[in-house]
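Every number in this text was worked out from the coordinates using simple rules, so none of it is lab data. The shown structure was predicted, so the numbers you read here are calculated from the model rather than taken from an experiment. Methodologically, a virtual Cβ is constructed for each residue, glycine included, from the backbone with ideal geometry; neighbour enumeration extends over all protein chains shown.
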Ligand code: CIR
C-alpha cells in the first residue's frame, strides 16, 4: 500500500514540453484543472500528497516519475536521458530528504528515467529505451542489489518508456499493449490486453486497491473492472499531448 505521493504543479512552460503526439499544445488552464483532479483522485485512495511548486525552467518537470525510483529501503535519483530534462532531479532529491536517509544516484554516462521502471514485488523491470541506457541499467541494478532487490532489463522497440505499454496492477495482473502483448518476459502474468485503439490507456496506476484509468477508454475500463478493481477515471488529455500519462505525473511510495 502507498502512504505518500509527490507531484509537481505544471508550469506555463509546459506548452514547450517534448512531444511526439501530434495532438497540439496543451491548454495550460485545463492542465491545471486536470492536475487538481488527479491530486483529488490520489487523495481519495488515502495517500498524503506533497505538491511541489512548478519549475518553469523545465517544461516537462510535471512528469516527476522520471526523476526518481522509490522503494522501501532506498530512493534512487535518476539521470534523465532527455537532455532538456537533466536537472529536474535536483529539487526532487531535496524533496525526498524528508522521507529517506538512503538516497542513491544514477550518474553519467548512465541515463535512466523512472518511466522505464516497473516494480513487481521486490523485482524491478527496466526498459532499455531512447532514455534509459545499458550503463544506467547497470548502475540501477547494482544499487538495487545492495538493498536486496533484483532487476532485469527489457529492450524496447517502439514505446517511449516501459510503462507506456505496461502497468502492473498487483495480484499478478498486468496491463499489456503493443510490443509487450506477446513478450516472453511477461507471459507468466495474467495479462489484460489493451485494445490497439486504446493504446494510451496501458498507462494506468494501481493505488491502494483501486486503479486510476485515463478518461474515455471504455474497453480498458471494462477489462479492469472485470478483473475486480475499483476504477477511478481521471482526465489527463492535456498531458497526453506531451506523451505523458497517469504514472508519469507522480511518485508513489
Ligand atoms: C517526455 O518526453 O519526457 C515527456 N514529454 C513525457 C514523459 C512521460 N513520462 C513517463 O512516461 N514516465
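Worth pointing out:
- Cβ crowding within 10 Å ranks 215, 1 as 1, 215, fewest other Cβ atoms first.
- Over the chain, Cα pairs under 8 Å with separation of 6+ residues give a relative contact order of 23 percent.
- Ranking of 161, 35, 4, 123 by neighbouring Cβ atoms within 10 Å, starting from the fewest: 123, 4, 35, 161.
- Additional length obtainable on full extension of the chain from residue 171 to residue 43, 0.36 nm per residue less Cα span: 43.8 nm
- With 0.36 nm allotted per residue and the present C-alpha distance subtracted, the residue 193-residue 226 stretch has 10.6 nm of extension available.
- Value of [θ]222 nm, deg cm²/dmol, for the chain, DSSP H segments ≥ 4, -39500 (n - 2.57) each, nearest 500: -6000 deg cm²/dmol
- Listed by Cβ neighbour count within 10 Å, with the fewest neighbours leading, 225, 237 appear as 225, 237.
- Over the chain, the Kirkwood radius and the radius of gyration, each from Cα atoms, give a ratio Rg/Rh of 0.92.
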